[in-house]
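What follows is one structure encoded as structure tokens, with my remarks underneath.
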Amino acid sequence: MRHGGQAFLELGKPNNGGTKIFSVSGHVNKPGNYEVGLGTPFAELLAMAGGVRSGHKLKAVIPGGSSAPVLPGEVMMDLTMDFDSIAKAGSMLGSGAVIVMDDSVCMVKALERLAYFYFEESCGQCTPCREGTGWMYRVVHRIEHGEGRPEDLDLLMSVGDNIAGRTICALGDAAVGPVQSFIKHFRQEFEYHIEHKKCLVGA
Amino acid sequence: MPHIEIDGKTIEVAPGATLMDAANQAGIFIPHFCYHKKLSIAANCRMCLVEVEKAPKPLPACATPVTEGMKVRTHSAKAVAAQKGVMELLLINHPLDCPICDQGGECQLQDLAVGYGASASRYAEPKRVVREKDLGPLIATDMTRCIHCSRCVRFSQEIAGRMELGMVHRGEHTEVMPFLEQQMHSELSGNVIDLCPVGALTSKPFRYSARTWELSRRKSISPHDGLGANLQLHTKDNRVYRVVPQENEAINECWLADRDRYAYEALNSEERLTRPMVRDGDKWIEVDWQKALNQAAGALRVLRDTHGGNALAALASPHQTLEELHLLQKLMRGLGSGRIEHRLGQADFSGDAKRQGVTWLGMPIAELNQLQRVLLIGATLRKEQPLIAQRLRQAVKFGAQLNVLHAADDDLYCRVANKLIVKPSAWVNALAQVAKALQEAGASLPAELAGQLNDITVSDSARAIAASLNTGERKALLLGAVAQNHPAAAQLHQLVAAIAAACGAKLGFLSPAANSVGAQLVGVQSGPVALDAKGYLLLGVEPELDAHNGPELLKALQAAECVVALTAFKGRVMDYADVVLPIAPFSETAGSFVNMEGRLQSFHAAVTPQGEARPAWKVLRVLGNLFNLAGFEQNSAEEVRQEALPQGEAGIAARLDNAIHGVALALQPPGAGIERLGEVPIYQLDPLVRRAPALQQTQDARDAACAWASGALIQRLNLIDGEHVRVRQAGAEAVLRLCRDDRLPDDVLRVAAAHPLTAGLAGRFGAISVEAV
């Protein structure tokens, strides 16, 4: 405030001015809220949060709250924390709630939990979200519990297409974001689940 | 006016119109479920998604307003993909039990699934099951079929006026249900069946009885209240299976009151008379028509020849057709009798000589929605005229001030600006107060009245009503059935006419019966109901229920030498008649009704008469022949109508006039003591309604069987709410359950008229007492 708007703007980078508070959670040593200038490399933010739990490797990051599409860890390490760069990588900065997942995480189980959240939170007013969130959750739940079918992954992608962009509010899109991105980036893990009826992680 | 391009057609649309409106205008169908032209926009089914150029996502046509230059594609690949996607999601939790669903064949979901659904479902998870709801005797539920379009919820809130249904829970667990396990009590509840795009809400009496494709559709007109709602009778094997609305924007719009919808059950009642019968001492013998007609004509002829024409009297129901009423009066006048009456419920006939015209609504029905100021006088509106109540509710929604004078402060499910809730004997005084308040505010009253109001003290409520009527435009004063049957009906009419003139309002009568106006037009009114005739001809009446004073009329009939009853139902006809001629109800005869706005509506028979029943116009025609009267050679109902109303509707309009002059006011203060408010209950209006089993199971029917009093009155009389009490009126008594209604004044006991339990009471108004049994 003392230095004026321009000074605040210059804390960030062009088109992504100012600072943002990131709420880093998950598998980091020092989870917490960190205010940094927009454009700060993710690696720096991760370091501020004490780095990934010792003994583990970074696997994936949800950069902007649970509705933001997940990005693989190696992609994130090359990105800066600002709207444009995250969007370019196919996700969104969203709320700035950064969820860090290390290599102990089963992506199917993580998605099951996220899908359940949206299934539970749907208000039920409009059709795609009311009916679709339950459908997606149930399919992911089946996969996690060893009852997946090979066609389920394409089905999930397709059901997601039928929900996203067709609802009254953004919860429909939010529910689809994790489902489609988890399958896009970690399809192998889902396929392993379906084929072997158990988890790739720790196998 | 914006121009838009829709599917390649450029059209000009009204500003503020939605894409759905534009598509309708262009004759393009966009699939939809939640959208309904009479309800608010919900945009929750998402079936009407269309592609709009420059919009990143498909937009719901029902909720997207048009803007200049918009380019819309309703059937592009993108639009259809969205529509099909929504359809798949609608179907995943739908039971797809069409083969056992009553809606099968007339289901919007089924129809649209043909165009937008896949042949097999990709959904392999467990389906949702929803617990049934008990909505009462009229509506069956299969809530698992519900697609949550919310039409029924919006209807109950916006049209019926009371939110009896709501959406409860969230997400996939969302359910439509009534509040706290209650049933639907709205007198318009059946409309949710038509609105429901799936088989979640269906007609309970019709359930599992026929398939839509087996039914023939016959247009008809409702024979109940004065609205003249347009009906479709659905028939199969010469039987009416159900009734649905025939849309008529000027009358019933797309709605029906439950009374119009469910009364058809009576057409197939066990109570139907199917053979002519004559009394032989204490026995009844079924005879052929020839014999019955000869006996009737013979007995009436003897009476006429011995005592003169006026020894004969005819009483007719205003629910009979115009043609029947015309031939009845023609027959009676041919026999030299001028005593023909249809207003059996009326007590005061002193106004007859003071007016010239046929009383009517005073304006077209559709104009009710545009009114800005209304005063309702003695109208139990929701029960008398359910769809008129709906129209006034819409007017109030757009800012109209509704004022009420009644003896019960019933909830009209809309805002009431001012009200005067006083016992019936205080109504004349109350109206005089309103008139005087207008006079004091500078309005000029008719000279004949102005001098009579000197001793009147104006109450605040009356002044508020006058102030309301003195402002605004498009005003109406409407007299309900209670006012028309009031012991001082003529004075009420006179005062209302004066107030209407003073404030520039229209004066209207809410005609209680389907043919109240028609009966007046053909001259079936001659003054007080004859109690001293030697011979009676009854047409469609149930004297003990229809008469203002049932026991009195019943006594007169029993004392008469001959009573010939033309009736469709047995009822208590054996108690007083000598010859019973079974006639066809409205569904089995051609005929016409003239509704309260003076509209002549004719209809054909939908089925043939049951048993040996005959259309009453034919029976009356033959009776005319048997008396060798001239002018009984008509070969069709059309011919009779042509004779009764040679100029048709044009001739009717010229005779409609509510003006009244010269009724002297008796402005004494109302007496002390408890008074009866005796209304005709909604499901006791006519012989058909009285025999409709489902309607008789409704809350309204149960309520009519009780005596209602305020808590203060119950306490003052040391009575107990819920227990049976004995009510006494003019030497007669009835035992009824006492119920509490604090919307009644402390000196009013509401005891229904036209009800079997109260048929022994004498008169619908006046002093009444109540005591513990």
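Let's see how each residue does on (1) at pLDDT below 95; (2) more than 10 Å from chain B (Cβ to nearest Cβ); (3) assigned to a helix (DSSP H, G or I); (4) over 13 Å from the mean Cα position of the chain (by Cα):
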| position | (1), (2), (3), (4) |
| --- | --- |
| A:SER95 | yes, yes, no, no |
| A:TYR116 | no, yes, yes, yes |
| A:GLY132 | no, no, yes, yes |
| A:ARG142 | no, no, yes, yes |
| A:VAL159 | no, no, yes, yes |
| A:ALA175 | no, yes, yes, no |
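If you go through the range B:690-703 and keep only what is open to solvent by 10 Å² or more (accessible area, probe 1.4 Å), in contact (Cβ under 8 Å) with a residue 24 or more places away in the chain and either assigned to a helix (DSSP H, G or I) or among the charged types (D, E, K, R) (or both), you end up with B:ARG690, B:ARG691, B:PRO693, B:GLN699, B:ASP700, B:ASP703.
Among the conditions (1) among the hydrophobic types (A, V, I, L, M, F, W, C); (2) under 22 Å from B:LEU188 (Cβ atoms); (3) open to solvent by 30 Å² or more (accessible area, probe 1.4 Å), B:LEU717 misses just one, which is (2). When you scan the range B:111-123, do you find a residue that is assigned to a helix (DSSP H, G or I), modelled with pLDDT of 95 or more and within 34 Å of the chain's Cα centre (by Cα), even just one? Looking for residues that are assigned to a helix (DSSP H, G or I), modelled with pLDDT of 95 or more and within 34 Å of the chain's Cα centre (by Cα), one finds at least one in the range B:111-123, hence yes. B:GLU132 meets all of the listed conditions (1) away from every other protein chain (no Cβ under 13 Å); (2) touching a Gly at 6+ places or on another chain (Cβ under 7 Å) but one, namely (2). Residues in the range B:152-170 that are away from chain A (no Cβ under 14 Å) and either in contact with a Pro (Cβ under 8 Å, 6 or more places away or on another chain) or touching a residue at least 60 places away in the same chain (Cβ under 8 Å) (or both): B:PHE155, B:GLU158, B:ILE159, B:ALA160, B:GLY161, B:ARG162, B:GLU164, B:LEU165.
Within the range B:83-100, restricting attention to residues that are surrounded by fewer than 20 Cβ atoms within 10 Å (Cβ to Cβ) and assigned to a loop (DSSP other than H, G, I, E, B), which residue is farthest from the other protein chains (Cβ to nearest Cβ)? Going through the qualifying residues, I end up with B:ASP97. Those helices (runs of 4 or more DSSP H) of the range B:233-339 in which at least 2 residues are of a type in the set (A, V, I, L, M, F, W, C) and more than 35 Å from the chain's Cα centre (by Cα), considering only elements entirely within it, cover B:289-307.
When you check A:PHE186 against the structure, is it touching a residue at least 40 places away in the same chain (Cβ under 8 Å), within 26 Å of B:LEU49 (Cβ to Cβ) and open to solvent by 10 Å² or more (accessible area, probe 1.4 Å), yes or no? Walk me through it before giving the result.
Working: touching a residue at least 40 places away in the same chain (Cβ under 8 Å): yes; within 26 Å of B:LEU49 (Cβ to Cβ): no; open to solvent by 10 Å² or more (accessible area, probe 1.4 Å): yes.
Here the answer is no, as A:PHE186 does not meet what is asked.
Considering A:GLU112, A:GLU120, A:GLU195, the condition of being assigned to a helix (DSSP H, G or I), surrounded by fewer than 19 Cβ atoms within 10 Å (Cβ to Cβ) and away from every other protein chain (no Cβ under 11 Å) is satisfied by A:GLU195 alone.
Tallying residues that are out of contact with any strand residue (DSSP E or B) (no Cβ under 6 Å at 6 or more places or on another chain), open to solvent by 40 Å² or more (accessible area, probe 1.4 Å) and more than 8 Å from every other protein chain (Cβ to nearest Cβ) within the range B:36-64 yields 6.
The values are calculated or read from the model by the stated rules, or taken from the named source; none is laboratory data. Just so it is clear, the model here is predicted, and its values are computed rather than measured. Backbone-built Cβ (ideal geometry, glycine too); neighbour counts: all protein chains shown. Just the protein is used for accessible areas: all its heavy atoms, side chains included, with ligands, DNA and RNA removed. Shrake-Rupley method; radii C 1.70, N 1.55, O 1.52, S 1.80 Å.
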